[in-house]
Amino acid sequence: MSEELTLTIIGGVDKDGVPEPVKFLEVSKGEIIGIVGPTGSGKSTLIDDIEQLAQGDTPTGRSILINGKKPDALTRVDPRKKLVAQLSQKMHFLADMTVADFLQMHARSRGKAPGLVDRVIELANTLTGEPISPDTYLTVLSGGQSRSLMTADIAVISDSPVVLIDEIENAGIKKQEALQLLAGEGKIVVVVTHDPVLALMASRRIVIRNGAMVDIITTSREEQDVCSRITQVDNWLMSLRETIRRGEIVEELA
Amino acid sequence: MKLVVLAGTPGSGKTSVLLHTIRTLVKSGKRPAVVKVDCLWTDDDQRFGKLGIPVHVGLAKDMCPDHFTIYNTDAMLDWGASNNADIVLNETAGLCLRCAPYPDECMAICVIDVTTGPNTPLKVGPLLTTADIVVMTKGDLVSQAEREVFRERVLDVNPSCMIIESNGLTGKGAFELAELISEGPEVRDNMVLRYNPPLAICSLCTGETRVAHKHHMGVLRQLDGFMEYRGE
């Protein structure tokens, strides 16, 4: 990973073709940045612009710079040079392959050693209830299994300096663990979310409305306090869910 | 004059890719014209017609659509020239995956749908393996990992191709594709096919409709792979 890393978003236009209010945003190494806004407002579109390192050639007209410069053509397309890993909402596998075959092929496409496959499966199984085996066909994985497999795949195989996450909370996996795993060391993490815990874990959040970046909010000290309180509530909810899943009776009020 | 031959399985998004690319070509001052070859029916000429460029439809009917395309290539180029075009874009029907209707001096583009799964590149044959550019469509419907695995499989069978990830809804990829087309080769006389068409000298070609081995003559391949000649 390069020592310096900045990601710059240069604003384009909203859904009506009007220039968006936020014209420039720079994100540095180690930062988690949130994207918030109503459903259908254009959050995923912003993620897609970053994933393809848009150069004014997408419908939004945005440009993405890496270390202040326009990325070259190979950085945009060759998975071995790709700077961006994306965990998208699209989690249903269409590939008729086993988990192990798929991961080996993906490791090859990213120029990584095939030995990483076991590590991906092991890590995925720490995030989900039902264990995944290397011989399982991708098409029969549950939603939670698929998500945890893709999360582990990004952490181990894709291992790009910029990680984009689209709504991790909808997946029935341990979201905070997943986020920490993906954030790794010194990465830029961009996370689309409706979840207050994840949104407030970010140091800043971009507000999207009608396809435009309308505001950037820096998470305040007060919001950080709120975040740690709701994290406790969230963990409690999670433990209740596990209790119920195990077929046990919920007895005490925490 | 430049010739672009665009092939791909039905429903892969050939027409959508082409519509976006034509808009970009026109914007950059090119004069494209489209020949759409189909088997029985098409209304794609209306979609192309809205772009205000010359459009011609060829229906292969009871002929093989790829063979039809191959022996009509010179007629397509003449038609393009008489309509003052500088690029003829030929969208083929391409069905049986055994032929590849690409002449040597053209820009050969294969459009392939990512949602058909990463084994598809192994099945498509010369349509994919002899293309200059491979356009991967519908990538927004799968994960990034699956797109990358698909891409790796394409490179396994065609290591020297350029791959463009395209989206027929947003027009992603059209800009790059238009640029590559503009840099493509000029056509010349005496073009030859990149890949030989299949052996087609059995009695089915002459109208035999009865099913079963005993009714057929010519060069036949049996289920176990054995090839024989039956006849006089």
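Which one of these is closer than 25 Å to B:Asn119 by Cα, more than 9 Å from chain B (Cβ to nearest Cβ), in contact with a helix residue (DSSP H, G or I) (Cβ under 8 Å, 6 or more places away or on another chain) and not aliphatic (A, V, I, L, M): A:Arg62, A:Arg80? Break it down into steps so the answer makes sense when it comes.
On the way: A:Arg62 fails: closer than 25 Å to B:Asn119 by Cα.
Within the list A:Arg62, A:Arg80, the selection yields A:Arg80.
Residues are listed down the side, and each one gets a yes or a no for (1) buried (at least 19 other Cβ atoms within 10 Å of the Cβ); (2) closer than 28 Å to B:Met76 by Cβ; (3) not basic (Lys, Arg):
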| residue | (1), (2), (3) |
| --- | --- |
| B:Val114 | yes, no, yes |
| B:Ile133 | yes, yes, yes |
| B:Ser143 | yes, no, yes |
| B:Val149 | yes, no, yes |
| B:Leu155 | no, no, yes |
| B:Thr170 | no, no, yes |
| B:Tyr229 | no, no, yes |
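In the stretch A:30-58, the residues that are under 13 Å from A:Val191 (Cα atoms) form Cβ pairs under 6 Å with partners that are in a loop (DSSP other than H, G, I, E, B) and not polar (S, T, N, Q), at six or more places apart or across chains, as follows: A:Ile32/A:Ala202; A:Ile33/A:Ala202; A:Gly34/A:Ala202; A:Lys43/A:Gly37. Restricting attention to the stretch B:57-113, the residues being among the hydroxyl-bearing types (Ser, Thr, Tyr), under 16 Å from B:Tyr195 (Cα atoms) and either part of a helix (DSSP H, G or I) or not assigned by TED's automatic domain parsing to the domain that holds B:Ser16 (or both) number 3. Restricting attention to the stretch B:202-215, the residues being touching a strand residue (DSSP E or B) at 6+ places or on another chain (Cβ under 6 Å) and either under 23 Å from B:Pro126 (Cα atoms) or part of a loop (DSSP other than H, G, I, E, B) (or both) number 1.
Filtering the stretch A:128-148 to residues that are modelled with pLDDT of 85 or more, out of contact with any Phe, Trp or Tyr (no Cβ under 9 Å at 6 or more places or on another chain) and closer than 18 Å to A:Ser88 by Cβ leaves A:Ser142, A:Gln145, A:Arg147, A:Ser148. For B:Lys138, the conditions (1) within 14 Å of chain A (Cβ to nearest Cβ); (2) modelled with pLDDT of 95 or more are fulfilled apart from (2).
Would a scan of the stretch B:67-88 turn up a residue that is among the β-branched types (Val, Ile, Thr) and out of contact with any helix residue (DSSP H, G or I) (no Cβ under 9 Å at 6 or more places or on another chain)? Yes, the stretch B:67-88 has at least one match.
Within the stretch B:1-38, the set of residues being out of contact with any Ser or Thr (no Cβ under 9 Å at 6 or more places or on another chain), part of a helix (DSSP H, G or I) and hydrophobic (A, V, I, L, M, F, W, C) comprises B:Leu18, B:Leu19, B:Ile22, B:Val26.
When A:Ala100 is tested against the conditions (1) more than 12 Å from chain B (Cβ to nearest Cβ); (2) part of a loop (DSSP other than H, G, I, E, B); (3) not β-branched (Val, Ile, Thr), the lone failure is (2). All told, A:Ile50 meets the bar of being of a type in the set (A, V, I, L, M, F, W, C) and part of a helix (DSSP H, G or I). Is it fair to say A:Val99 is in the same structural domain as A:Ser203 (by TED's automatic domain parsing) and either within 25 Å of A:Leu46 (Cβ to Cβ) or buried (at least 22 other Cβ atoms within 10 Å of the Cβ) (or both)? Taking the combined requirement at face value, the residue satisfies it.
What residue, of B:Ser203, B:Ser160, B:Ser166, is touching a Gly at 6+ places or on another chain (Cβ under 8 Å) and over 26 Å from A:Val162 (Cβ atoms)?
Exactly one of B:Ser203, B:Ser160, B:Ser166 is touching a Gly at 6+ places or on another chain (Cβ under 8 Å) and over 26 Å from A:Val162 (Cβ atoms), namely B:Ser203.
Is the stretch B:178-201 home to any residue that is within 14 Å of chain A (Cβ to nearest Cβ), in a loop (DSSP other than H, G, I, E, B) and in contact (Cβ under 8 Å) with a residue 24 or more places away in the chain? Checked the stretch B:178-201: no residue is within 14 Å of chain A (Cβ to nearest Cβ), in a loop (DSSP other than H, G, I, E, B) and in contact (Cβ under 8 Å) with a residue 24 or more places away in the chain. Consider B:Lys50 carefully, then state whether it is at positive phi, loosely packed, with under 15 Cβ neighbours inside 10 Å and in contact with a Leu (Cβ under 9 Å, 6 or more places away or on another chain). Here the answer is no, as B:Lys50 does not meet what is asked. Listed by first and then second residue, the pairs linking a residue in the stretch B:17-36 that is on the phi < 0 side of the Ramachandran plot and in the same structural domain as B:Leu177 (by TED's automatic domain parsing) to a residue that is aromatic (Phe, Trp, Tyr) and at pLDDT 95 or above, with Cβ atoms under 9 Å apart and 6 or more places separating them unless they lie on different chains, are B:Ala33/B:Trp79; B:Val35/B:Trp79. Tallying residues that are at the interface with chain A (Cβ under 10 Å from one of its Cβ atoms) and not in a loop (DSSP other than H, G, I, E, B) within the stretch B:143-170 yields 16. Among the residues of the stretch A:210-223, those that are within 21 Å of the chain's Cα centre (by Cα) and not in a strand (DSSP E or B) comprise A:Gly211, A:Thr219. Filtering the stretch A:18-31 for residues that are crowded, with 17+ Cβ neighbours inside 10 Å, among the acidic types (Asp, Glu), under 21 Å from the mean Cα position of the chain (by Cα) and closer than 30 Å to A:Leu138 by Cβ leaves an empty set. Considering only residues that are at positive phi and facing chain A (nearest Cβ under 8 Å), which ones fall in the stretch B:103-135? Matches in the stretch B:103-135: B:Gly117 only.
Considering (1) surrounded by fewer than 19 Cβ atoms within 10 Å (Cβ to Cβ); (2) more than 10 Å from every other protein chain (Cβ to nearest Cβ); (3) within 22 Å of A:Ser148 (Cα to Cα), the lone condition that A:Leu74 does not fulfil carries the number (3).
Evaluation of B:Thr42 against the conditions (1) touching a helix residue (DSSP H, G or I) at 6+ places or on another chain (Cβ under 8 Å); (2) surrounded by fewer than 19 Cβ atoms within 10 Å (Cβ to Cβ); (3) free of Cβ contacts under 8 Å to residues at least 24 places away in the same chain shows that the sole unmet condition is (1).
The values are calculated or read from the model by the stated rules, or taken from the named source; none is laboratory data. Remember, predicted model here, so these are calculated numbers, not experimental data. FYI the Cβ positions are ideal-geometry reconstructions off the backbone, even for glycines, and counts take in every protein chain you see.
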